[in-house]
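Some notes on the structure that comes next.
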Amino acid sequence: MGRQWGPSMRVAEQAGCVVSASRAGQPDVGSWSCSGVILSRSPGLVLCHGGIFTPFLRTGSAALTQTGAAFLPGDSCSDDLRLHVQWGPTTASPAGRADQELPGLCTPQC
Amino acid sequence: ASLGLEPGAPSRARARPLQPPRPARLLLLLSCPGFRSHFARLFGAEAADQWHFVSSAPDDAVSEEEEEDQLRALGWFALLRVQRGAAAEERRGPAVTVAPLGVVTKGAPLLACGSPFGAFCPDIFLNTLSRGVLSNAAGPLLLTDARCLPGTEGGGVFAARPAGALVALVAAPLCWKAREWVGLTLLCAAAPLLQVARWALSSLHPGSASLSVLLPPEVGAPRGLPLRDLGPPWAAAAVLVECGTVWGSGVAVAPRLVVTCRHVAPREAARVLVHSATPKNVAIWGRVVFATQETSPYDIAVVSLEEDLNGVPTPVPAEHFHEGEPVSVVGFGVFGQACGPSVTSGILSAVVHVDDTPVMLQTTCAVHGGSSGGPLFSTRSGDLLGIVASNTRDNNTGATYPHLNFSIPITVLQPALKQYSQTGDLCGLRELDLATEPVRVVWRLQRPLPEAPRSKL
């Protein structure tokens, strides 16, 4: 990409993250995930899509339309919601990541 | 949620080392009221059954309940607090700043950063970049032609100017209208979303109000300067042409002269209404002074207006075409009058010649129904390259390909338009009905005719 994109790419790649949601005790079963943006590193504040929280809403997805409010508090979701945020390497910190079993991925010939 | 990729040998690739996943806590679910109201206006009510935003093809099996859930959550985002880690690590990384609403204009370049398929194989997919432009905007509801995939919901979309400023978050990476993939990604502007977050944090958790101070600031123009950049002038050059129940796009080539497609304004002497969205919404009556015959490969009509289109820029016609050059299409496809013209970007992918004369242009811009008649511009020079005539449909499968489209080179039209403009003489335009058979063959997407065998006698 052109030189004009240098600063934007640095910010984008440092701010980008992935957020996954699961139920307590079932970390791999039916987990939901989306992308996100790290707004602040200390303390860590992340903005991500709300769609992955729909299965955890205590009153179901209708809560998103029934209320005219612009926001819902965090306790609108059930207590068994577990969230994890993952991001890329930072400059001086080699990642200490244990091998995980990944879902099958193939690259079919086009 | 789950990804149905074909099973294969599990990948053990480690393209880039990642930080281990860190636990986090949900602080807030938030939405932008402006986004919701514009979404309801553009995609709700009568249009609702035409639009689909689920992260799967329209033919895939998605339950109604699932689709309803996705639709309800489409404009909602979440603010999380990540559990503390090593302090040194947390300090790293450039600070995020936010572009105020309206600072980035239509046609401005954007960079989307998201992780296709979400948490699936982040080693490979984390923070994939995609480039495009701001295609359209209705308040905080934005559209980009940067190509995004399922799982990039929530990903950041950044500006080149102000450099690296967060413009928006991906709300829906894929849109279908009337079962056709539109090729645009739906975004929610970041600035109003963070305003809601600030307000919510201070009202919900008075103790954690200090968190709101840590939300990224907006970066704008220096005090005293207008925030809104007008953007490239050609982005305002398209007009909407309404002829009876048919509508499409057009471009003003002179203050009272609009070029569009024959299939938008097919009958000579027909009255048409021409709408301009910029600099202000105006509607001016006009009359079709010329439309090519059905047999002509050039799908062109010319409209003479009763009044000047004040403030609408008149583009400079190009004289040459360069394959591979960046181009932009401006048109009222997809939304019609509801949202002003959309800008889509790409490159000039092919220039088809007959006898060394360009007779057809192809681009990789996304072109949708309603864009016909709209202008194709060189993004660098702003010169008018051609008039969009169609995108591509496979009649065997019914599939439409918005990123393969055909335009009539302006060099084919310019001499005749100049003649009509200066003298009122339609002779030059009438010659468009006399295009040669090789040109007709090109526009019928047929193979060139073999040369007639020559006698050896």
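Every number here is computed from the coordinates shown, using simple stated rules; none is lab data. In this text the structure is predicted, and so the values were computed from the model without any measurement. Neighbour counts are summed over all protein chains in view; Cβ atoms, including those assigned to glycine, are modelled from backbone coordinates with ideal geometry.
Take the Cβ atoms of B:Thr423 and B:Glu67, set R0 to 45 Å, and the FRET efficiency comes out at 0.20.
Within the set of other residues whose C-beta is less than 11 Å from the C-beta of B:Leu214, count the net charge using Lys and Arg as +1 and Asp and Glu as -1.
On the way: positive: A:Arg41, B:Arg81, B:Arg198; negative: none.
Neighbourhood net charge equals +3.
If you take the square roots of the eigenvalues of the alpha-carbon gyration tensor of segment B:338-418 and sort them as a ≥ b ≥ c, do you get rounded (a/c under 1.5), prolate (a/b over b/c) or oblate? Cα axes put segment B:338-418 in the oblate bin.
Helical runs (DSSP H, four residues minimum) scored at -39500 (n - 2.57) apiece and divided by the length of chain B put the mean residue ellipticity at 222 nm at -4500 deg cm²/dmol. Between B:Thr245 and A:Arg10, what's the calculated FRET efficiency when r is the beta-carbon distance and R0 is 41 Å? Round to 0.05. Working from the Cβ atoms, E equals 0.20. Shielding of peptide B:68-74 by partners, expressed as the average count of other chain Cβ atoms within 10 Å per residue Cβ, is 6.
Mean partner shielding of peptide B:121-134, defined as the number of other chain Cβ atoms within 10 Å of each residue Cβ, is 4.
What's the local net charge at B:Trp234, with K and R +1, D and E -1, over the other residues with C-beta under 13 Å away? Summing Lys and Arg as +1 and Asp and Glu as -1 gives +1. Averaged over the residues of peptide B:197-203, the number of Cβ atoms from other protein chains lying within 10 Å of each residue's Cβ is 2. Using a simple spin-label model with pseudo-atoms 7 Å out from Cα toward Cβ, B:Glu306 and B:Thr436 lie 4.4 nm apart.
When you filter the trypsin sites (Lys or Arg not before Pro) in segment B:72-165 for DSSP loop state and at most 15 other Cβ atoms inside 10 Å of their Cβ, you are left with B:Arg84, B:Arg91, B:Arg92. For segment B:230-364, the gyration tensor built on C-alpha atoms gives an oblate shape. Its axis ratio a/c (a ≥ b ≥ c) is at least 1.5, and a/b is not larger than b/c. Against chain B, whose longest principal axis comes from its Cα atoms, helix B:33-43 is set at around 40 degrees.
Restricting to segment B:94-211, compute how many DSSP beta bridges are antiparallel as a %, nearest 5. Counting only bridges with both partners in segment B:94-211, antiparallel ones make up about 95 percent.
Rounded to whole Å and ordered largest first, report the semi-axes of the equivalent ellipsoid of segment B:105-151 derived from its Cα gyration tensor (root of 5λ). Walk me through the numbers on the way to the answer.
On the way: eigenvalues 118, 22, 8 Å².
Calculated on Cα positions only, the semi-axes equal 24, 11, 6 Å.
Spin-label pair B:Thr357-B:Trp285: with each label point 7 Å from Cα along the Cα-Cβ axis, the two points sit 3.8 nm from one another. Using a simple spin-label model with pseudo-atoms 7 Å out from Cα toward Cβ, B:Gln83 and B:Ala269 lie 8.0 nm apart. When B:Glu306, B:Glu64 are arranged by Cβ crowding within 10 Å, least crowded first, meaning fewest neighbours, the order is B:Glu64, B:Glu306.
Per-residue counts of other Cβ atoms within 10 Å, averaged by peptide: what ranking do you get for B:28-41, B:364-377, B:329-342, highest first? Show your work: numbers first, answer last.
Values: B:28-41: 21.4, B:364-377: 27.6, B:329-342: 24.1.
Ranked from most to least packed, the peptides come out as B:364-377, B:329-342, B:28-41.
Stretching the chain fully between B:Asp123 and B:Ser210 yields a gain of 27.9 nm (0.36 nm per residue, less the alpha carbon separation).
What FRET efficiency comes out for the pair B:Val316/B:Thr397, r = Cβ-Cβ distance, R0 = 30 Å, nearest 0.05?
Numbers: r = 40 Å, r/R0 = 1.33.
E(calc), rounded to 0.05, equals 0.15.
Could you tell me whether segment B:284-407 comes out rounded, prolate or oblate from its Cα gyration tensor? Rule is a ≥ b ≥ c as square roots of the eigenvalues, rounded for a/c under 1.5, then prolate if a/b exceeds b/c, otherwise oblate. The shape class here is rounded.
From least to most packed, judged by other beta carbons within 10 angstrom and beginning with the fewest, B:Trp234, B:Trp285 follow the order B:Trp285, B:Trp234.
Please report the net charge: other residues with Cβ closer than 14 Å to the Cβ of B:Asp383, K and R +1, D and E -1. Before the final figure, lay out the partial values.
Values: positive: B:Arg380; negative: B:Glu319, B:Glu325.
Result for the local shell: -1.
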